[in-house]
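What follows is a single structure, written as structure tokens, with notes after it.
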Amino acid sequence: MDVPHDLPEMPREFSASTRLTNMDLCLRTILAAQGAGEGAPRLALFYGWSGLGKTVAAAHAAAVTGAVYILATRVMTQKSFLEALARELGLARPGRTSSDMLNNVIQRLNQNPQPIVIDEMDYLAKDQLVGIIRDIHDAANIPILMIGEEGLPALLKQWERFDNRIIAATPAQRASIADGRILRDIYARRVKIADDLVDHFTVRCKGITRRIVVNIQDAQSIALEELEATNIDLLAWGDRQVRDGSLPRRQA
Amino acid sequence: MLQPAPHYARLAPKRPDAISRIWTALRIIVGDIDIAMLAMAAGAPETSTADYVRLLVRSGFMSVSRSANGRIGTRALYRLTRNTGPLPPRRAITLMADPNTGLTYPLPHRTTPRSRKRLALTLRGEAA
């Protein structure tokens, strides 16, 4: 796994809670942008294939840092982007024209700085929108975390002056063995699921969090209802199918 | 260890409270979520998350998409159905009920600060 090593460590105020790898990486990415020196650029990227839990990671980073979250859409224009931002900032009178809204948004961010998280950034890879994000970033000097698909960093390369301002770009990771065990501790409260079985699920589900959870819950009900036991390991699981999202095989 | 830069305090004014964090996480995670994952996403204790979700369900902000129905190992799934904006709805006690008459009376917010007595004691130089 190529976990980036240039991210700052988690500050003490956040280090106590339990979080999955991608939540941790996403939060550290936004904190890296926040902690950059005065006048330094604060654009950051968090990207990866779908299904890795980027949005839950974004929810975590936005919730604990008090960030404004914008979900970009395919049909977003400069104006609708500014409208969404003004609404999320809670501006009572956002203004009528785009330039009014831009001024009001920047004014609010200067008075009351909040990081911005933009999800599905791929949809905003257009001259006008990239330009306006850069304007907001330059005028308000706030961290902006953009989340997108695997190809996002390459996509943004075409705007050199924008790309220059990106100080951290972190790829999302598959759920690790440790993540699987965190999920086990949370979801299997009634039954002890052995490490070997959880690790088997994590590997077979290719690190997709949602599928690991499904299997942990299955294992718990199988232990209680079929085996009538309060613990289960790989041996007890036997050759039961792991629900890993592949199509069911035809029974011979 | 990340050293907080001088402007760090300006950029991170105040950590939002648990209710704000849960509400923000809920608004971002569209679709079904269970309490455990929501609590982890919000960085909030599971018990307070469950309490707040129950309030939101009772007041119609959330709905139960799949009830656990007492089945072992399954967790109920919830979804946000009334996403009204960035500020979290909070419980407000605004009524006084009289069980004798069945009537209710409005209960406005207290106008004097709760700490007035303590403040007076401090001003007189006595221990609070």
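Take the residues in the stretch A:167-206 that are among the β-branched types (Val, Ile, Thr) and within 14 Å of chain B (Cβ to nearest Cβ); name whichever of them is nearest to A:Thr29 (Cα to Cα). Out of the qualifying residues, it is A:Ile167. Being of a type in the set (S, T, N, Q), over 11 Å from the mean Cα position of the chain (by Cα) and surrounded by fewer than 24 Cβ atoms within 10 Å (Cβ to Cβ) is a description that does not apply to A:Thr55.
Against the test of being crowded, with 20+ Cβ neighbours inside 10 Å, more than 9 Å from chain B (Cβ to nearest Cβ) and within 19 Å of the chain's Cα centre (by Cα), the options A:Ala86, A:Ala61, A:Ala32 yield a single qualifying residue, A:Ala61.
If you scan the stretch A:95-112, which residues turn out to be crowded, with 18+ Cβ neighbours inside 10 Å and within 13 Å of chain B (Cβ to nearest Cβ)? Answer for the stretch A:95-112, where residues must be crowded, with 18+ Cβ neighbours inside 10 Å and within 13 Å of chain B (Cβ to nearest Cβ): A:Arg108, A:Leu109. Condition first: at pLDDT below 95 and more than 7 Å from chain A (Cβ to nearest Cβ). Now tell me which residues in the stretch B:24-34 satisfy that. Listed by number, the residues that qualify are B:Val30, B:Gly31, B:Asp32, B:Ile33, B:Asp34. Contact annotation: residue pairs with Cβ atoms under 8 Å, 6 or more positions apart or on different chains, pairing a residue in the stretch A:115-135 that is crowded, with 20+ Cβ neighbours inside 10 Å with a partner that is charged (D, E, K, R), are A:Asp119/A:Lys54.
Would you pick out the residues in the stretch A:17-41 that are at positive phi and touching a strand residue (DSSP E or B) at 6+ places or on another chain (Cβ under 7 Å)? Steps first, please.
Restricting attention to the stretch A:17-41, the residues satisfying the condition of being at positive phi are A:39.
Matches in the stretch A:17-41: none.
Of everything in the stretch B:35-44 that is assigned to a helix (DSSP H, G or I) and more than 8 Å from chain A (Cβ to nearest Cβ), the residue that is surrounded by the most Cβ atoms within 10 Å (Cβ to Cβ) is B:Ala39. Count of the stretch A:156-181 residues, restricted to those that are surrounded by fewer than 18 Cβ atoms within 10 Å (Cβ to Cβ) and part of a helix (DSSP H, G or I), is 6.
Just so you know, in the stretch A:35-55 the residues that are out of contact with any His (no Cβ under 8 Å at 6 or more places or on another chain) and not in a loop (DSSP other than H, G, I, E, B) include one that is nearest to the other protein chains (Cβ to nearest Cβ), and it is A:Thr55.
Per the conditions (1) closer than 27 Å to B:Ile33 by Cα; (2) more than 24 Å from the chain's Cα centre (by Cα); (3) not in a helix (DSSP H, G or I), the sole criterion not satisfied by A:Ala229 is (1). Here A:Lys157 meets the list (1) farther than 15 Å from A:Leu85 by Cα; (2) in contact with a helix residue (DSSP H, G or I) (Cβ under 9 Å, 6 or more places away or on another chain); (3) touching a residue at least 12 places away in the same chain (Cβ under 8 Å); (4) charged (D, E, K, R) almost entirely, failing just condition (3). Where strands (runs of 3 or more DSSP E) sit wholly within the stretch B:56-128, those with at least 1 residues that are at pLDDT 95 or above occupy B:62-66, B:77-80.
Of the residues making up the stretch A:207-226, those that are assigned to a helix (DSSP H, G or I) and away from every other protein chain (no Cβ under 14 Å) number 0. In the stretch A:193-221, the residues that are under 17 Å from A:Asn231 (Cα atoms) and in contact (Cβ under 8 Å) with a residue 40 or more places away in the chain form Cβ pairs under 8 Å with partners that are of a type in the set (Gly, Ala, Ser) and surrounded by 24 or more Cβ atoms within 10 Å (Cβ to Cβ), at six or more places apart or across chains, as follows: A:Ile193/A:Ala219; A:Ile193/A:Ala223; A:Leu197/A:Ala219; A:Phe201/A:Gly180; A:Phe201/A:Ala219. Checked against (1) modelled with pLDDT of 95 or more; (2) more than 7 Å from chain A (Cβ to nearest Cβ); (3) touching a Phe, Trp or Tyr at 6+ places or on another chain (Cβ under 9 Å), B:Thr49 passes all but a single condition, namely (3).
The values are calculated or read from the model by the stated rules, or taken from the named source; none is laboratory data. Since we're looking at a predicted model, the values are computed, not measured. All Cβ positions, even for glycine, are placed from backbone atoms using ideal geometry, and neighbour counts span all protein chains on display.
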